Every structure is written in C-alpha cells, then in structure tokens.
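The values are calculated or read from the model by the stated rules, or taken from the named source; none is laboratory data. Since the model is a prediction, treat every value here as computed from it, not as a measurement. Heads up, the Cβs are rebuilt from the backbone with ideal geometry, glycines too, and the neighbour counts pull from every protein chain shown. Note: accessible area is taken over every heavy atom of the protein model, side chains too, but ligands, DNA and RNA are not part of it. Shrake-Rupley method; radii C 1.70, N 1.55, O 1.52, S 1.80 Å.
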Amino acid sequence: MLVSEVMTRQVVAIGPDTPIRDVQALMEQRNVRHFPILEGRAEPDKPDGLVGIVSDRDVRLVGADHPRAPKGVKATDPVSLLMVRDVITAHPDDPIEETAKTMRLKKIGAMPVMEDGRLVGIVTATDLLDALVRMSGVHQAASRLEVEVANRPGALAELLNLIADRRINVVSVMTTRGDDETISFVLRVATADARGLARHLKEAGINVTWPPDKRG
Amino acid sequence: MSAGEARFVFDPELAGFQLAPEHPFKPVRYEMARTLLLAAGALDEAEVVPPRPITDDDLLTVHDPRYVALVKAASSPSARPSDAELQRHGLATADNPVFPRMHHLVKGVVAATVTAVDLVATGAARRAANLAGGLHHAMRDRASGFCVYNDLAVAIRRAVDRHGLRVAYVDVDAHHGDGVQWLFYDEPRVLTVSLHESGRYLFPGTGFTYETGNGRARGSSVNVPLEPFTGDDSFLECFEAVVPRALRRFAPDLIVVQAGADMHHRDPLADLSLTLRGMRRAYERLVELADEVTGGRLVLTGGGGYDAYRTVPRAWALAWAALAGRELPDEVPASWREEWGRRLGVDLPATFADDEPEPTPRAPAIASRNRSVAERLLKQLEEIWSEAPAA
C-alpha cells in the first residue's frame with residue numbers, strides 16, 4: 001500500500017505569519033492536529049515553498065498559565081516562531097511501512113506529502129492505523145486463522161491451495177513473526193466454521209495455532 | 001398463558017433438506033425440536049400453523065434484485081451461473097454451497113418468519129416462533145455464514161413499514177448478528193442488540209461496542225462482545241446489565257429474538273460455554289421483558305446451533321416452553337430419544353438437565369473483563385442516548 005492511497009488530499013496549509021492564536025482556533029475548528037506552513041502564495045508551475053510544520057503540541061500551551069508553556073512566546077506572535085523548520089516529508093509513491101518506520105524513528109505524528117515540489121497531501125499516524133485495519137480485512141465477515149509454515153518457497157502457496165480446495169475465500173493475509181525456520185501468518189478466511197477448516201489443515205500437516213481445538 | 005396465545009410456525013419442507021453432506025448447519029434440528037415438544041406435551045397440534053407464502057417482491061424490501069435473480073438462477077438445474085459470479089456473492093463456497101431448490105426453500109424460511117411477525121403484529125397471536133428462521137448473517141447482496149436470505153430483516157422491515165411498529169431485535173446467538181445490524185444501521189425505528197463471542201475470536205469478526213448506529217439511528221445498535229468460556233453466570237450478568245435498560249429506553253412495540261443455540265458448551269463452532277440452565281434463563285427473561293415493554297408481543301426464531309442433535313432440540317424446546325408458558329418434564333421422552341437415536345445413529349441425552357462444562361480457572365478474570373465491557377458500553381450508550389432523547 002502506498003502513501004497516495006491513505007493520505008488526506010485536502011490539506012489545510014497556513015502561512016508563517018499566521019498568529020499562533022489563529023492556528024489554535026483552526027485546529028479546534030477543523031479538528032486537525034498538524035499544519036504544513038507554506039511561504040508565499042501557491043502559483044501554477046512554481047514549487048510550493050514548504051518552510052515548516054506545526055503540531056498541536058507546539059502551540060497548545062502558548063498563552064496558557066502552565067509550567068510547560070513556551071517561554072517568551074505570546075498567542076499574538078507569528079507561528080514561524082514555533083514551527084519546526086526541518087520538515088520530514090513523504091512522497092505519494094512511498095510504501096506506507098517506510099512512512100510508519102520514519103514516523104516512529106523521528107517521533108513525529110504527520111508528514112506532508114510532496115510531489116515535484118508541490119504539497120499534494122498529508123499523511124498522519126491515524127491514516128496508517130486506518131490502513132492497518134483495512135489490511136487486516138476486518139471489513140468483511142470472516143474468521144481468524146493463525147498458522148506457522150516453513151520458511152521456504154511454496155509453503156504459503158500450499159496452505160492457500162488447501163484453503164481454496166475447501167472453497168473458502170481468503171480476505172487478508174498478514175505476517176506476525178518469522179525466523180530462519182518458520183513464518184507465522186494471520187489470515188482472515190470467509191467461513192463461519194474455522195475449526196472445520198483447521199481440522200482439514202492439520203490433517204494435511206499444517207501447524208494451526210488458532211483456532212485451538214475444542215476443549216473437553 | 002392460555003392456549004391460543006402462542007403459535008408455532010411449521011413447514012415440514014424446511015426441515016427436510018441439507019445444504020451439503022456433512023454441512024454443520026442441519027435443518028433437521030427444527031423437526032427434532034417440534035417432535036420433542038409434541039412428545040413432551042408442551043406443544044398442541046392446534047398451536048402449529050403453516051407459513052403463508054410470500055412473493056419475490058417481499059424479498060426485495062431487503063435484498064438486491066440482481067442478487068435474488070442470481071439465487072434463483074443458481075437454484076434451477078439449467079443455466080447455472082458460473083462459480084466466479086456466484087462466489088462474488090458468497091455462494092458456491094464452503095459455507096454457502098448451492099443446493100437443489102435453494103431459492104424456494106430459503107424463501108420458505110423467510111415466509112415462516114414473516115408469518116410469525118404478521119400473526120403477532122395483527123394480534124392473531126401474542127407470541128410466535130419460527131425455529132427454521134434466524135439467518136442473521138445474510139447481507140443485502142451476499143450470502144454469508146450459512147445464510148442466503150435474511151428472514152429476520154425481511155420480517156422486521158415489514159413490521160416497521162406495513163404494521164408501523166418500532167422493533168427491538170435481540171440476538172443471543174454466539175455469533176454477532178451482523179446482517180441484521182448492517183441492514184438497519186441507519187434505521188432509528190429498529191433497535192438491534194447482539195450478545196456474542198467477541199469478533200476478536202469468532203466469525204464474523206464484527207460486533208464491537210463502538211458499532212452504535214449511524215446518523216439518526218445512533219444509539220440504536222448495541223453490541224456486547226463476550227470472552228470465550230463466558231459461562232452462564234457472566235452471560236446472564238451482562239444480559240441483565242444491558243438488555244433490560246436498552247429495551248426499556250427504546251420502548252418497542254415488538255421484540256424479535258434470534259435464539260441461536262450455539263452458545264452451549266458442547267457447540268463445536270463457538271466457545272461461550274453456557275449450559276441449558278443459563279440459556280433457559282435468558283429465554284425466560286426475554287419473555288418477561290416482552291410482557292413488560294411490548295405487552296407480551298414477541299417473535300422468536302432459531303439460528304445457529306451446531307451440536308445439532310444432542311443440544312439444539314432441547315434448547316429450542318426450552319425456548320418454546322418459555323414463550324408459550326408451558327412446563328417441560330425433567331426427562332426427555334423415551335419414545336423421542338429412541339426414534340431419533342435410531343434414525344441418526346446417535347445416543348441422545350435422557351434429561352433436560354445438562355452436564356456442566358469443565359470449569360476454567362480463568363473464570364473470575366473472564367467475568368471481570370465481561371463486566372468491564374458491559375459497564376463501558378452502557379456508559380457510552382447513556383451518553384449517546386442523553387444527546388438524542390427517545391422518539
């Protein structure tokens with residue numbers, strides 16, 4: 001999955017001279033936590049001048065009577081005083097796992113998405129969580145099946161063929177753990193009788209770790 | 001309750017088919033429950049009524065016309081659609097194989113539930129049951145989880161549109177009642193309540209507490225996801241914490257119960273681990289709540305239940321006895337046991353009392369988690385409900 005599939009395209013961008021209190025109000029109104037900051041007006045055929053980004057954490061306490069409120073900054077000051085200038089951006093064609101890694105490494109919650117010098121979107125941690133939910137296939141009626149297969153070519157294909165032989169659709173496949181010997185997969189399978197499927201797979205020699213056998 | 005107030009809708013054709021050999025969904029359960037009740041003296045022939053036929057148009061109040069046309073085409077021996085086309089709609093799969101006369105038979109199931117609702121809505125009966133019904137997973141244009149047409153949704157739609165009733169749907173099947181929930185997710189005149197084994201563990205993988213309904217119907221979808229090995233006491237505790245409050249607040253004219261019997265500890269597909277004692281208590285409470293909030297108007301269907309021979313007939317006999325105000329003997333009639341035992345080649349239980357599941361040392365932790373889920377759910381619902389006062 002690529003950033004272009006999960007990003008928000010309607011970006012609310014602001015200028016560096018915007019007073020901090022206006023930014024606070026905008027965050028509240030638009031229910032947005034990150035604003036890219038562009039210098040000058042957007043013009044066709046000219047790159048957007050992305051000069052910074054500001055998050056709710058940067059501006060929230062400005063003007064408040066709070067020990068962690070930024071010193072010497074007033075709500076009437078321009079946002080350029082607080083903005084982060086070294087902006088980490090994403091490209092629409094970046095794989096989302098790369099974006100997720102960057103966000104964790106840099107401890108940030110959002111990345112402006114730039115293409116050919118233009119701001120085309122923003123991708124947030126929430127967008128990535130939504131993508132995780134979609135990838136896990138929970139939007140379709142299905143059962144959870146967990147298996148451990150040998151870490152070799154064709155092992156997963158054999159499993160999927162066994163499932164297909166039963167005329168059961170696989171709604172999603174995710175891997176949770178792997179080493180040199182084995183890989184674990186979580187599949188969502190469109191059957192109400194996951195135990196019946198598990199029995200069939202075990203008979204064929206597959207190590208099924210969920211669902212467990214019926215107790216008693 | 002005097003005779004004549006409860007009706008048992010029955011069509012022998014709906015018990016006499018299979019989806020496929022070895023398929024876990026066994027319609028014969030329905031005939032077993034009827035004959036058990038007759039043998040036990042808890043059902044009179046005078047209480048048994050045949051369903052009134054419905055038309056294909058009646059199905060279209062809920063289902064997509066192209067889907068109904070596909071099911072019909074698949075049911076005829078000639079001109080069967082391709083597997084690829086069928087599988088796009090959940091058919092020709094392990095759960096929903098194409099079987100002979102599929103359209104006719106499943107439409108018959110819908111007709112029986114519609115008949116039960118009509119009897120109660122018009123006052124011809126105070127309560128009615130269709131144990132062949134309860135196909136709660138069927139979607140607008142998709143078969144799912146052994147269900148092709150959604151009899152519950154067609155009947156509820158009719159109760160709302162034709163009879164002008166507010167309907168509360170209560171689903172105690174071990175699986176989330178997803179089809180009914182999604183078909184009424186925007187409908188403020190229908191409350192759906194489902195208690196089930198959590199979608200984290202069990203098909204269909206939905207039914208979380210945050211699924212509360214859309215727009216004007218916000219607060220009219222209620223889900224109580226429970227832990228595996230919940231057992232009688234924790235199930236009833238969560239039922240009491242949520243269901244009476246939701247029903248009293250919604251004030252329905254009719255309650256429709258999906259009484260799937262797969263929450264039993266012997267069920268091979270699910271692990272809620274109840275006994276017949278707990279299930280009987282849940283049925284009795286639903287009847288009492290109907291007396292309190294709808295003047296008694298209640299329709300009950302079957303549903304899941306995959307310990308089909310030993311458990312389901314006894315569970316549904318208990319459900320009917322609660323609904324019709326009848327007493328069952330302690331012993332399962334010997335004539336019934338011998339007859340069905342011979343036909344099916346199984347040893348059937350001798351009493352309505354139940355063997356208890358093996359106790360789990362985790363019971364207190366499971367009960368505590370369930371309690372916390374129910375408490376947080378109710379808090380969340382009370383907030384939604386206080387924003388939008390009941391109509």
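For segment B:33-74, which residues satisfy the criterion of being closer than 29 Å to B:Asp307 by Cβ, of a type in the set (Asp, Glu) and surrounded by 12 or more Cβ atoms within 10 Å (Cβ to Cβ)?
B:Asp44, B:Glu47, listed by residue number.
Among the residues in segment B:242-261, are any under 19 Å from A:Gln140 (Cα atoms), of a type in the set (A, V, I, L, M) and either in a loop (DSSP other than H, G, I, E, B) or within 13 Å of chain A (Cβ to nearest Cβ) (or both)? Talk me through it step by step, then tell me what you get.
First pass over segment B:242-261, keeping only residues under 19 Å from A:Gln140 (Cα atoms): none.
Checked against the condition, which is being under 19 Å from A:Gln140 (Cα atoms), of a type in the set (A, V, I, L, M) and either in a loop (DSSP other than H, G, I, E, B) or within 13 Å of chain A (Cβ to nearest Cβ) (or both), segment B:242-261 yields no hits at all.
Can you name every residue in segment B:262-287 that is over 22 Å from B:Thr351 (Cβ atoms) and either β-branched (Val, Ile, Thr) or not in a loop (DSSP other than H, G, I, E, B) (or both)?
B:Arg285, B:Leu286, B:Val287
Answer yes or no: is there a residue in segment B:69-82 that is touching a residue at least 60 places away in the same chain (Cβ under 8 Å) and more than 28 Å from B:Thr351 (Cβ to Cβ).
Here is the first cut: in segment B:69-82, the residues touching a residue at least 60 places away in the same chain (Cβ under 8 Å) are B:71.
Checking which are more than 28 Å from B:Thr351 (Cβ to Cβ) leaves us with B:71.
Yes: segment B:69-82 contains one or more residues that are touching a residue at least 60 places away in the same chain (Cβ under 8 Å) and more than 28 Å from B:Thr351 (Cβ to Cβ).
Of all the residues that make up segment B:1-32, how many are crowded, with 21+ Cβ neighbours inside 10 Å, of a type in the set (A, V, I, L, M, F, W, C) and over 18 Å from B:Asp307 (Cβ atoms)?
Going through segment B:1-32 one residue at a time, the tally reaches 5.
Return the total of residues in segment B:109-126 being touching an Asp or Glu at 6+ places or on another chain (Cβ under 7 Å) and either open to solvent by 10 Å² or more (accessible area, probe 1.4 Å) or without any contact (Cβ under 8 Å) to a residue 12 or more places away in the chain (or both).
1
Can you name the number of the only condition in (1) surrounded by 19 or more Cβ atoms within 10 Å (Cβ to Cβ); (2) part of a loop (DSSP other than H, G, I, E, B) that B:Ala353 fails?
Failing condition for B:Ala353: (1).
Could you check how many residues of segment B:129-144 are more than 13 Å from the chain's Cα centre (by Cα) and open to solvent by less than 10 Å² (accessible area, probe 1.4 Å)?
1
Scanning for something among the hydroxyl-bearing types (Ser, Thr, Tyr) and either part of a strand (DSSP E or B) or under 24 Å from A:Arg118 (Cα atoms) (or both), does segment A:65-78 turn up at least one residue? Write out each step before concluding.
Step one: list which residues in segment A:65-78 are among the hydroxyl-bearing types (Ser, Thr, Tyr), which gives A:76.
Next, only the ones that are either part of a strand (DSSP E or B) or under 24 Å from A:Arg118 (Cα atoms) (or both) stay: none.
For segment A:65-78, residues among the hydroxyl-bearing types (Ser, Thr, Tyr) and either part of a strand (DSSP E or B) or under 24 Å from A:Arg118 (Cα atoms) (or both): absent.
Take the residues of segment B:75-102 that are closer than 15 Å to B:His63 by Cβ and crowded, with 21+ Cβ neighbours inside 10 Å: which is farthest from the other protein chains (Cβ to nearest Cβ)?
Looking at the filtered set, the residue picked out is B:Met102.
Across segment B:272-306, what is the total count of residues that are of a type in the set (Val, Ile, Thr) and open to solvent by 10 Å² or more (accessible area, probe 1.4 Å)? Even if it seems obvious, please write down each step before you answer.
Of segment B:272-306, the ones of a type in the set (Val, Ile, Thr) are B:275, B:287, B:293-294, B:299, B:301.
So of that shortlist, the ones also open to solvent by 10 Å² or more (accessible area, probe 1.4 Å) come out as B:287, B:293.
Residues in segment B:272-306 being of a type in the set (Val, Ile, Thr) and open to solvent by 10 Å² or more (accessible area, probe 1.4 Å): 2 in total.
Considering only segment B:1-86, give the helices (runs of 4 or more DSSP H) lying wholly within it that have at least 3 residues that are modelled with pLDDT under 95.
Details: elements: B:28-39, B:56-59, B:65-75.
In segment B:1-86, no matching helices (runs of 4 or more DSSP H) lie anywhere.
Assuming B:Ala241 fulfils every condition listed in (1) under 26 Å from B:Asn150 (Cα atoms); (2) more than 16 Å from the chain's Cα centre (by Cα); (3) surrounded by fewer than 24 Cβ atoms within 10 Å (Cβ to Cβ) apart from one, which condition is it?
In the conditions (1) under 26 Å from B:Asn150 (Cα atoms); (2) more than 16 Å from the chain's Cα centre (by Cα); (3) surrounded by fewer than 24 Cβ atoms within 10 Å (Cβ to Cβ), B:Ala241 misses (1) alone.
Answer yes or no as to whether A:Asp116 is among the acidic types (Asp, Glu) and open to solvent by less than 70 Å² (accessible area, probe 1.4 Å).
Working: among the acidic types (Asp, Glu): yes; open to solvent by less than 70 Å² (accessible area, probe 1.4 Å): no.
Here the answer is no, as A:Asp116 does not meet what is asked.
With respect to B:Arg266, determine if the residue is open to solvent by 10 Å² or more (accessible area, probe 1.4 Å) and more than 24 Å from A:Lys214 (Cα to Cα). Before the answer, list the steps.
Details: open to solvent by 10 Å² or more (accessible area, probe 1.4 Å): yes; more than 24 Å from A:Lys214 (Cα to Cα): no.
When the stated conditions are applied, B:Arg266 does not pass them.
Under the condition of being part of a helix (DSSP H, G or I) and surrounded by 18 or more Cβ atoms within 10 Å (Cβ to Cβ), which residue from segment B:210-237 is farthest from the other protein chains (Cβ to nearest Cβ)? Outline the logic, then answer.
Step one: filter segment B:210-237 for residues part of a helix (DSSP H, G or I), giving B:215-217, B:231-237.
In the following step, the residues that additionally are surrounded by 18 or more Cβ atoms within 10 Å (Cβ to Cβ) were identified as B:217, B:231-232, B:234-236.
Working: B:Ala217: 20, B:Gly231: 12, B:Asp232: 16, B:Ser234: 17, B:Phe235: 17, B:Leu236: 21 Å.
Among them, the one singled out is B:Leu236.
Among strands (runs of 3 or more DSSP E) lying entirely in segment A:162-216, which contain 3 or more residues that are touching a residue at least 60 places away in the same chain (Cβ under 8 Å) and more than 10 Å from chain B (Cβ to nearest Cβ)? Working first, answer last.
Details: elements: A:170-178, A:182-189, A:207-210.
Where strands (runs of 3 or more DSSP E) fall fully within segment A:162-216 and carry at least 3 residues being touching a residue at least 60 places away in the same chain (Cβ under 8 Å) and more than 10 Å from chain B (Cβ to nearest Cβ), they are A:207-210.
Return yes or no: is B:Val28 free of Cβ contacts under 8 Å to residues at least 60 places away in the same chain and under 30 Å from B:Glu339 (Cβ atoms)?
Values: free of Cβ contacts under 8 Å to residues at least 60 places away in the same chain: no; under 30 Å from B:Glu339 (Cβ atoms): yes.
Criteria not met by B:Val28.
For segment A:43-66, check the following and say yes or no: at least one residue is in contact with a Leu (Cβ under 9 Å, 6 or more places away or on another chain) and open to solvent by 50 Å² or more (accessible area, probe 1.4 Å).
For segment A:43-66, residues in contact with a Leu (Cβ under 9 Å, 6 or more places away or on another chain) and open to solvent by 50 Å² or more (accessible area, probe 1.4 Å): absent.
Considering only residues that are among the small types (Gly, Ala, Ser), on the phi < 0 side of the Ramachandran plot and open to solvent by 20 Å² or more (accessible area, probe 1.4 Å), which ones fall in segment A:137-183? I'd like the intermediate steps shown before the answer.
Of all residues in segment A:137-183, those among the small types (Gly, Ala, Ser) come to A:137, A:141-143, A:150, A:154-155, A:157, A:164, A:172, A:178.
With on the phi < 0 side of the Ramachandran plot added as a condition, the list becomes A:141-143, A:150, A:155, A:157, A:164, A:172, A:178.
Of everything in segment A:137-183, those that are among the small types (Gly, Ala, Ser), on the phi < 0 side of the Ramachandran plot and open to solvent by 20 Å² or more (accessible area, probe 1.4 Å) turn out to be A:Ala141, A:Ala150, A:Ala157, A:Ala164, A:Gly178.
Just to be sure, is A:Val138 under 25 Å from the mean Cα position of the chain (by Cα) and part of a loop (DSSP other than H, G, I, E, B)?
The answer is yes for A:Val138.
Search segment A:40-64 for residues being part of a loop (DSSP other than H, G, I, E, B) and in contact with a helix residue (DSSP H, G or I) (Cβ under 9 Å, 6 or more places away or on another chain), and hand back the single one that is farthest from A:Thr124 (Cα to Cα). Write out each step before concluding.
In the first step, residues of segment A:40-64 are kept if they are part of a loop (DSSP other than H, G, I, E, B); the result is A:40-48, A:60-64.
Then keep just the ones that are in contact with a helix residue (DSSP H, G or I) (Cβ under 9 Å, 6 or more places away or on another chain); that gives A:60, A:62-63.
Numbers: A:Arg60: 18, A:Val62: 23, A:Gly63: 27 Å.
Of everything passing the filter in segment A:40-64, A:Gly63 is farthest from A:Thr124 (Cα to Cα).
Say we look at segment B:152-195 and pick out the residues that are open to solvent by 30 Å² or more (accessible area, probe 1.4 Å), in contact with a helix residue (DSSP H, G or I) (Cβ under 9 Å, 6 or more places away or on another chain) and part of a helix (DSSP H, G or I); which of these is nearest to the other protein chains (Cβ to nearest Cβ)?
B:Leu183
For segment A:6-35, which residues satisfy the criterion of being closer than 22 Å to A:Thr99 by Cβ, in contact (Cβ under 8 Å) with a residue 60 or more places away in the chain and out of contact with any Lys or Arg (no Cβ under 9 Å at 6 or more places or on another chain)?
A:Met7, A:Thr8, A:Arg9, A:Val11, A:Ala13, A:His34
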